[in-house]
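> Supplied in structure tokens, the structure appears directly below.
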Amino acid sequence: MAKTAKQKRKTVEYSRYGYYFIAPFFIVFAIFQLWPLIYTIGLAFCENYTDTMFNVEVGPVFNGIDNFKTVFIGKDGALFNTYTFLSLWNTIIMWLMNFIPQILLALLLAIWFTDTRVKMKAQGAYKIMTFMPNIITAATISVLFYSLFNYPNGPVNQLLLELGIFDEPFRFFQRKWATRGIISFINFWMWYGNTMVVLTAGVLGISPSLFEAARVDGASSFQIFKKVTLPLLRPILLFTLVNSAIGGLQMYDIPKLLTISGYGDPDYMTRTITMYMRELAFTGARQMGKASATSVVLFVVTLFFSLLLFYIMRDKDAIKERKQNKAVQKELARKGAK
Amino acid sequence: MMADGAQKMKKGAHARILGASIFRNIVCIFLCFLSLIPFWIMLVNATRSSTDIQMAFSLIPSTHIWENFQKLLYQANENVPLYRYMINSLVIAGFSTVLSVYFSTATAYGVTVYRFKGSQFAWAFIMAIMMIPTQVSSIGFFRFMYNLGLSNNFIPLIIPAIAAPATVFFMRQYMLSALPLEIIDAARIDGSGEFKTFNTIAVPLMKPAVATQAIFVFIASWNNFYTPSMLLSSQSLYTLPMFVQLMRGERFRSDYGIIYVGLVITILPIFIVYFALSKYIIAGVALGGVKE
């Protein structure tokens, strides 16, 4: 009796240490992430800028939803016709332009690399090479591509002229879609290797007996892909999608350093929402209040995307099964009551 | 007759497999080429004189690298010596890595080994905040640090590394398979204190995961441009990616040879680390991706 009481006390004593081990994480999180987030949300409802004429800071003073009004309603009174939503739109477009080809190519490569009939011996080398751009400093890659696509003497222009594809050098960074295309391409090029490695690991995680069974049953390669590989890859595809969407919405380094002005040439058409947010906060009148409201919009959109993707990718069969189970249980309960 | 047909089919299938194999390898070789070519052009142009670079496209290295490097040093060293940026990056990335890996292991240890009130909640919380990007709170972060007088300081770039949910996640996944609880119990019986057990038994057992995560945290910190460029205003504190931004400025824009050499210098350390550790890096990415 006494012994068990002692034992009990001992376990309680040990569990106390759990708090000590996780304390640094939570303290640092509270100071450096949670409080700044709350602070940002608070600032979004405050008037706070610097009067450039006298160089004095105004605010922060509570001003209700005034910041959100300027974020949502344009000068012409139209909803969403603002620079915030233009930059959000730019961000989403450039993310889609890189993500769709990225996931398709990564999936294709993952299937090739795991194909047991057509073995690829050099896949280790391929993985190392195609993954490589992912770990190189994005700032450096951006300036590199800026130099490569330079007008009129950048290597790309030189090559296009030498090959006779163009008659005169092309101003890539003065065309909306060319610049967006380059930014999307850089992102695609940096990330498809990563996605491919993740998806390859995912396919290898599927039990080989499932593929064999499908093959014995006479399923074609495409049928196997559609009915076995894709459904079982769903959690990993979801992970990739959410990760990429959230990362894509924060896109900053590459568009910031790719064009000369750094403000999303041409005509702010490649300015992403994080770029705009920082321009508001740290240039000119330093509109911290409006920048915070923009951050809140970004936060809500980020949250919305991750929830939406979870909803789309949810396991429909599992839900159906659960529903059926519930119905059966209800039926049984009803019968039992009778 | 039947056997003949089967053999023919087999031959056909064999040819098809060979064809597919050739096609797939060609595509992959093309992709490898695509990964390398921008860096190759960068390396080649770093060795060419500025006038050559403007004259024509070339894939053959020249001999002007030392000259370009000297010019770069001359231009860059005007205010702050070039090695300064590298040291700054190294200090920030080094401390961040040590703190992040150590405390992430500790946090994972806390929620895995101990059953305390709220341990389940703590784990769910860590999973939930993994989705929140740092950018959304950056305005508040900047103002808060500015008010504390830390805006021109390395502290806000290093200390937050202690709270890295993704690293904690990875550590816990690994811990579940690599750290048997019996060992910890045995240590307790031997009279080892809880922190001593963690430092001398758990951390060494976690070495492979620690190494993998250390590489990732270091690279992420080394490459980080967003936060340093927001916080640091005095040029002597600039990091390497911020130096890259400087190179786009007027002073360098006229001379392409310098820019390319500068880019090579910023990329070289990462290149060396990557090709030395690529096996572990790719294995780590594959492990991190297979999350339930």
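Every number here is computed from the coordinates shown, using simple stated rules; none is lab data. All values derive from a computational prediction rather than experimental measurement. Neighbour counts run over all protein chains shown; Cβ positions are idealised from the backbone, glycine included.
> Within segment A:165-227, report the chymotrypsin sites (Phe, Trp or Tyr not before Pro) that DSSP leaves as loop and that have at most 16 other Cβ atoms within 10 Å.
A:166
> Select from B:122, A:160, B:93 the residue farthest towards the positive end of the dipole of the protein assembly as shown; place +1 on Cβ of Lys and Arg, -1 on Cβ of Asp and Glu, and compute about the Cα centre.
My answer, from the dipole projection, is B:122.
> While we're on this one: About the Cα centre of segment A:83-315, what is the dipole size in debye to 20, counting +1 per Lys and Arg Cβ and -1 per Asp and Glu Cβ, all else neutral?
400
> Rank A:14, A:146, A:83 by mean-square fluctuation in a GNM of chain A with C-alpha springs under 10 angstrom and give only the top-ranked residue.
Comparing A:14, A:146, A:83 in a Gaussian network model of chain A, the most mobile one is A:14.
> Taking the Cα-to-Cβ direction at residue A:151 and at residue B:146 and moving 7 Å from each Cα, how far apart do the two end points lie in nm?
A separation of 3.6 nm, rounded to one decimal place.
> Which one of A:281, A:169, A:188 is farthest out on the positive end of the charge dipole of the protein assembly as shown, using unit charges on Cβ (Lys, Arg +1; Asp, Glu -1) and the Cα centre as origin?
A:188
> Could you check the spin-label model distance between residue B:183 and residue A:227? Points 7 Å from the Cα along Cα→Cβ, value in nm.
4.5
> May I pose another question? Among A:63, A:55, A:90, whose mean-square fluctuation peaks in a Gaussian network model of chain A (Cα, cutoff 10 Å)?
Top of the fluctuation ranking is A:55.
> To the nearest 0.05, how large is the calculated FRET efficiency for residue B:280 and residue B:36 if R₀ is 22 Å and r is the Cβ-Cβ distance?
It comes out at approximately 0.55.
> Return the distance in nm (one decimal) between the two label points of a simple spin-label model at residue B:66 and residue A:76, each offset 7 Å from Cα along Cα→Cβ.
Calculated label separation equals 6.2 nm.
> Separate question: In debye to the nearest 20, how big a dipole does segment B:79-247 give about its Cα centre with +1 on each Lys and Arg Cβ and -1 on each Asp and Glu Cβ?
Approximately 200 debye in magnitude.
> A follow-up question, please. Say R0 is 35 Å: what FRET efficiency, to the nearest 0.05, do residue B:98 and residue A:204 get from their beta-carbon distance?
So the FRET efficiency works out to roughly 0.60.
> As a test of the formula, what do you get for chain B when each DSSP H run with n ≥ 4 contributes -39,500 (n - 2.57) and the sum is divided by the residue count, at 222 nm and rounded to the nearest 500 deg cm²/dmol?
So the helix-based figure for chain B works out to -24000 deg cm²/dmol.
> Now for a different question. Between segment A:189-250 and segment B:141-156, what's the alpha-carbon centroid distance in Å?
If we compute the Cα centre of each part, the gap is 43 Å.
> Hey, another quick one. Measuring from the lowest to the highest alpha carbon on each principal axis, how far does segment A:83-315 reach, largest first, in angstroms?
The principal-axis extents, from largest down, are 67, 49, 25 Å.
> Relative contact order for chain A: what percent, with Cα pairs under 8 Å and sequence separation of 6 or more?
So the answer I get is 25 percent.
> Given a 10 angstrom Cα cut-off, can you work out which residue in A:69, A:290, A:256 is the most mobile in a GNM of chain A?
A:69
> While we're here: Calculate how large, on average over all directions, the projected area of the Cα convex hull of segment A:186-240 is; give the answer in nm² to one decimal.
4.0
> I would also like to ask the following. Express in % the proportion of alpha carbon pairs of the protein assembly as shown at distances exceeding 32 Å.
57
> What's the extension gain from residue A:118 to residue A:335 if we count 0.36 nm per residue and subtract their Cα-Cα distance?
72.5 nm
> Right, another one. Determine the distance separating the Cα centre of segment A:13-85 from the Cα centre of segment B:54-77; give it in Å without decimals.
Going from one Cα centre to the other spans 45 Å.
> Where nothing but the Cβ of Lys and Arg (+1) and of Asp and Glu (-1) is charged, how large is the charge dipole of the protein assembly as shown around its Cα centre, in debye to the nearest 20?
The dipole magnitude comes to about 2780 debye.
> A further question on this structure: Apply 1/(1 + (r/R0)^6) to the Cβ-Cβ distance of residue B:29 and residue A:96, taking R0 = 30 Å, and write down the FRET efficiency to the nearest 0.05.
E between residue B:29 and residue A:96, to the nearest 0.05, is 0.60.
> Something else about it: Given the pairs A:127/B:207; A:256/B:71; A:127/B:279, which span a C-alpha to C-alpha distance of over 20 angstrom in this model?
Among A:127/B:207; A:256/B:71; A:127/B:279, the Cα-Cα distance tops 20 Å for A:127/B:207; A:256/B:71.
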